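A.B. asks: To start, I am sharing the structure in question, which I have written as structure tokens.
Here, each number is a calculation from the coordinates, and none is a lab measurement. Note that the coordinates shown come from a computational prediction; the quantities given were computed from them, not determined experimentally. So basically every Cβ, Gly included, is an ideal-geometry build from the backbone, and we count neighbours across all protein chains shown.
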Amino acid sequence: MDSVAFETTAIGAYPSRVQWDASAVDLVATMLERWHLTAGEAFVGGEAASVLRVTTRDGRPAVLKVGFPHVEAVWEAVALESWGGRLAPEVLRQDPWTWSILLELVEPGIPLSRHELPAEEALTIAAGLYRELLLTKPPPGLPTLADIVSEYARDAQARLPGQRHDLVNLGVLDLVERGLSLSRDLAASDGASTMLHGDFNPGNLISAADGGWRVIDPKPMLGDPEFELFPLIEQLGSPWTRRDPAAALWAQLELASRIAGVDPVRTARWAFARAAYNVCWYLDDANDAAATAAARELPVWFEISGS
């Protein structure tokens, strides 16, 4: 089918997740009836959608996803269709007004984050899949990483005065300011026109019956491929529990970068910049424990990046 961008007018209709949650049950019921679907069990763990197993009128198992309208996911269906049924679930139907998509059911569908694989094997799987994604011709109209990072930086800079006291207490004010500045520099030098997944973390890579892997929940954009590997490097293989986290992270970064075919130094610089944003975002969410952990990790990323 020919997927399109989700309708952005829906974003204004639901200015908060709480307001959308109040309508989600009715939206799901509407799409079940409209597409003649029989509801099955709901998937758990998603934060920006209602997702459930369904059966179509002709008996095909599938997945219904009704998303919370937000700017990062406007191009989700288009990206999934661009990657086809080999790298992502096949898009069977779409309603851009309700932000609904009917997807192929990928079995067993277990996220890479839940596979107890050695770090090297998990990183090889993820980076190999990422290399294939980078070869896909991007559809027209996608937002750019440069524009998105510019918005991130403006928002973070505006919040910085209110967070300054906490950042000083955490001992990372200077590093956060360096990271935000570096993100702007990296974005300004980004001439890439590669389609990125946008949220390429181990929870968004799922296993398929053919022995391959598929990506889900993209927030697609055009930009620097080195931007994406940060979540894989820090979330796979438990590097923060090692005796020398910096050495473990650098080894994982080098491996993932080599397999994906990207520059490890630029990957490390993006990782430091993204780690700085994490501290700010956790403080903004009033998640003190996560902010403290991110602040402990930030100097390590600074060391690795050589910034």
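A.B. asks: Among the trypsin sites (Lys or Arg not before Pro) in the range 57-92, which ones are in a DSSP loop with at most 14 other Cβ atoms within 10 Å of the Cβ? Mind listing them?
C.D. replies: Answer by residue number: 57.
A.B. asks: Follow-up. Ranked highest first by the average count of other Cβ atoms within 10 Å around their residues, in what order do 263-271, 33-41, 73-81 fall?
C.D. replies: In descending order of packing, they fall as 73-81, 263-271, 33-41.
A.B. asks: I would also like to ask the following. Rounded to the nearest 20 debye, what is the charge dipole size of the range 151-203 about its Cα centre when +1 sits on each Lys and Arg Cβ and -1 on each Asp and Glu Cβ?
C.D. replies: In total the dipole reaches around 120 debye.
A.B. asks: How would you rank 239-245, 88-94, 142-148, highest first, on the average number of other Cβ atoms within 10 Å across their residues?
C.D. replies: Descending packing order for the listed peptides: 88-94, 142-148, 239-245.
A.B. asks: Right, something else. Have a look at the chain and give its Rg and Dmax from the Cα atoms, expressed in angstrom.
C.D. replies: Expressed in Å, the Cα Rg and Dmax of the chain come to 19.7, 61.
A.B. asks: Diagonalise the Cα gyration tensor of the range 122-209 and give the resulting equivalent ellipsoid semi-axes, square root of 5 times each eigenvalue, largest first, whole Å.
C.D. replies: On the way: eigenvalues 197, 68, 25 Å².
Output for the range 122-209: semi-axes of 31, 18, 11 Å.
A.B. asks: Let me test this: with uniform point scatterers at the alpha carbons of the range 9-105, what is the Debye-based log₁₀ I(q)/I(0) at q = 0.10, 0.15, 0.17, 0.20 1/Å?
C.D. replies: -0.25, -0.57, -0.73, -1.01
A.B. asks: Evaluate the charge dipole of the chain about its Cα centre and quote only its size in Debye, nearest 20, assuming +1 on the Cβ of each Lys and Arg and -1 on the Cβ of each Asp and Glu. Don't skip to the answer; put the middle values down first.
C.D. replies: Numbers: 25 positive and 42 negative charges, 26 e Å.
In debye, rounded to 20, the chain gives about 120.
A.B. asks: Roughly how many Å is it from the Cα centre of the range 44-94 to that of the range 137-198, as a whole number?
C.D. replies: Going from one Cα centre to the other spans 28 Å.
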